[in-house]
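Asker: Dumping the structure here so I can ask a few things about it.
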Amino acid sequence: MMKKGRVFSGARPTGRQHLGNYLGAIRNYVALQDEYDCVYCVVDLHALTSLQETKALRVNTREMVLDWLAAGMDPEKSIIFVQSHVPQVTELHIILSMVTPMGWLTRLPTFKEKVRQQPDNVNYGLLGYAVLMAADITLYKADIVPVGEDQAPHLEFTREIVRRFNYHFGKVLVEPQIKLTEFPRVLGIDGVNKMSKTLNNHIEIASSPEEIRERVMRMVTDPQRRYRTDPGRPEVCNLFTLHGFFSPEQEKEIEAACRTAQIGCVECKAILAKNIAQAFAPFRERREALAAKPETVGDILADGAARARVIAEATLAEVKEAVALP
Ligand code: TRP
């Protein structure tokens, strides 16, 4: 079948993935594979911007890729690789940096946020974060980039860099389209913050049914529902958002029963925990099988890097020719 174009997306190696990662990114990556040529990248160089992470990079890469593969990201259909295994990206990064006005970088909301977060480590790489991301996307000539809303400024930045480069050197790079992944805000078990590993309010998709149950039981529900006999408000309850995904057939029933206090939060949580555990049962099985063969992930990533390198070398040759490097 003729594919509609190329998709590229990258994710920092954050280790075992949680429900937020799954609902917000992974399931979209999986779904795009049949219609597009997909290139999915573990952006380990981007992760270097906060140096605390480096000790865990290898384990985190492996754990994340195991989740990706078990969830259905398929190395037969897509290219799955590690950013630093294809070093051409760093060369393109330097070339693109020459058409990048400083002001564009310092104005990025993500950069300002990082400066607030790590004021004592505002390094050059952090400033160039968006340039490296533009290099990722353009090196693989991506038409479509599926990302969350927080990455929209980076995509707009990439488009502007492409226009500038092409204006100066001829039409070599492809201007990518953003594909915003629509999904409801998945809150953590605290019911307040976005689900995140750093906040330890997450539920890992590779958890055992017991671990899932333990975390779901700790989820914060409607704060106004203090007694079992109080009616609940599903519209403000994070539990209910997750029922929408994991209990589609029971959703209506649960909503009504919650509003009329026919079921309490404990019972509601038990249903959710069971359904999440069930939804990921085949996933857990595939993950275990993959993890049992220690060389599998390495082999898949090596093959992915070899295929990615073919595209990368071709683009970089064109870029160097256009810039007229001797
Ligand atoms: N900046 C992205 C993030 O923090 C990760 C990323 C790096 C990326 N390179 C990319 C995403 C290229 C899409 C395309 O989530």
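The values are calculated or read from the model by the stated rules, or taken from the named source; none is laboratory data. Every value quoted in this text rests on a predicted model; they were computed, and no experiment measured them. Glycine gets a Cβ as well: all are built from the backbone with ideal geometry, and neighbour counts include every protein chain shown. The accessibility values were calculated without ligands, DNA or RNA, using every heavy atom of the protein model including side chains. Shrake-Rupley method; radii C 1.70, N 1.55, O 1.52, S 1.80 Å.
Asker: Output needed for segment 177-249: three equivalent-ellipsoid semi-axes, defined as square roots of 5 times the C-alpha gyration tensor eigenvalues, in descending order, whole Å. Spell out each step's value before the answer.
Answerer: Numbers: eigenvalues 98, 58, 34 Å².
Whole-Å semi-axes of the equivalent ellipsoid: 22, 17, 13.
Asker: Might you report the magnitude of the Cβ-based charge dipole of segment 14-64 about its Cα centre, with Lys and Arg at +1 and Asp and Glu at -1, to the nearest 20 debye?
Answerer: It works out to roughly 320 debye.
Asker: Right, another one. Taking the DSSP beta bridges in the chain as the whole, what percent of them are antiparallel, to the nearest 5? Could you put the intermediate results ahead of the total?
Answerer: Working: 2 of 17 bridges.
Roughly 10 percent of the DSSP beta bridges within the chain come out antiparallel.
Asker: Considering the convex hull of the alpha carbon atoms of the chain, report its projected area averaged over all viewing directions, in nm², one decimal.
Answerer: The Cα convex hull of the chain, projected and averaged over all directions, gives 18.6 nm².
Asker: Any chance you could list the semi-axes, whole Å, largest first, of the equivalent ellipsoid that the Cα gyration tensor gives for segment 200-326, using √(5λ)?
Answerer: Output for segment 200-326: semi-axes of 47, 20, 12 Å.
Asker: Evaluate Rg over Rh across segment 127-252, taking Cα atoms for both radii and Kirkwood's formula for Rh.
Answerer: Radius of gyration over Kirkwood radius for segment 127-252 works out to 1.17.
Asker: In the P(r) worked out for segment 101-169, what percent of Cα pairs fall beyond 21 Å? Intermediate values should be presented prior to the final figure.
Answerer: On the way: 610 of 2346 pairs.
More than 21 Å apart: 26 percent of the Cα pairs in segment 101-169.
Asker: What are the membrane-span-like helices in the chain by this rule: whole DSSP H runs, Cα extent along the axis at least 30 Å, mean Kyte-Doolittle hydropathy at least -1.0?
Answerer: Helix filter hits for the chain: 295-323.
Asker: List the pair-distance distribution P(r) of segment 168-217, using every Cα-Cα distance, as the percent of pairs falling in each 10 Å bin from 0 up to the bin containing the longest distance, rounded to whole percents.
Answerer: Answer for segment 168-217: a P(r) of 21, 32, 18, 13, 12, 5 percent.
Asker: In whole angstrom, how far apart do the alpha carbon centroids of segment 28-93 and segment 134-193 sit?
Answerer: With segment 28-93 and segment 134-193 each reduced to a Cα centre, they are spaced 16 Å.
Asker: Express in nm, to one decimal, how much length is gained between K55 and V236 on full extension, taking 0.36 nm for each residue of separation and deducting their alpha carbon distance.
Answerer: 61.3 nm
Asker: Turning to a different aspect of this structure: At a Förster radius of 35 Å, what calculated FRET efficiency corresponds to the Cβ-Cβ distance of E251 and Q177, to the nearest 0.05?
Answerer: Computed FRET efficiency for E251 and Q177 comes out at 0.60.
Asker: Another question, if that's okay. Anything over 28 Å Cα to Cα? Flag those among K55/K179; K114/K197; K112/K179; K179/K293; K112/K197, in the order listed. Present the calculation step by step, with values, prior to reporting the outcome.
Answerer: Details: K55/K179 33 Å; K114/K197 17 Å; K112/K179 24 Å; K179/K293 35 Å; K112/K197 22 Å.
Too far apart for the 28 Å limit: K55/K179; K179/K293.
Asker: Further, regarding this structure: Using the heavy atoms of the protein chains alone and a 1.4 angstrom probe, what is the accessible area of the chain per residue in square angstrom?
Answerer: 50 Å²
Asker: Modelling each spin label as a point 7 Å along the Cα-to-Cβ direction, I'd like the T106/S196 distance in nm, to one decimal.
Answerer: Output for this residue pair reads 2.6 nm.
Asker: Pull up all non-local amide H partners of Q177: gap of 5 or more, or a different chain, and H-to-H distance under 5 Å with H placed in the peptide plane.
Answerer: Counting only residues 5 or more places away or on other chains, the set is I144, V145.
Asker: Using 0.36 nm per residue, how much length does the chain from E295 to Y124 gain when fully extended, once their Cα-Cα distance is taken away?
Answerer: 58.0 nm
Asker: Let me ask something additional. How large is the direction-averaged shadow of the alpha-carbon convex hull of segment 2-113, in nm²?
Answerer: 8.6 nm²
Asker: Also: Using amide H atoms built in the peptide plane, which far-off residues or other-chain residues are under 5 Å from K194 H to H?
Answerer: Amide H to amide H, under 5 Å and 5 or more residues apart or across chains, K194 pairs with G188.
Asker: Using +1 on the beta carbon of Lys and Arg, -1 on that of Asp and Glu, and nothing else charged, what's the dipole of the chain about the Cα centre, debye to 20?
Answerer: It comes to approximately 540 debye.
Asker: Just to compare against my own numbers: the Cα pair-distance distribution for segment 278-317, 10 Å bins, whole % per bin, please.
Answerer: Going from the shortest bin to the longest, the percentages are 26, 29, 25, 16, 4.
Asker: Considering every pair of different Cα atoms, what Kirkwood radius, in Å, is found for segment 209-279? Before the final figure, lay out the partial values.
Answerer: On the way: mean 1/r = 0.0840 Å⁻¹.
Final number for the Kirkwood radius of segment 209-279 is 11.9 Å.
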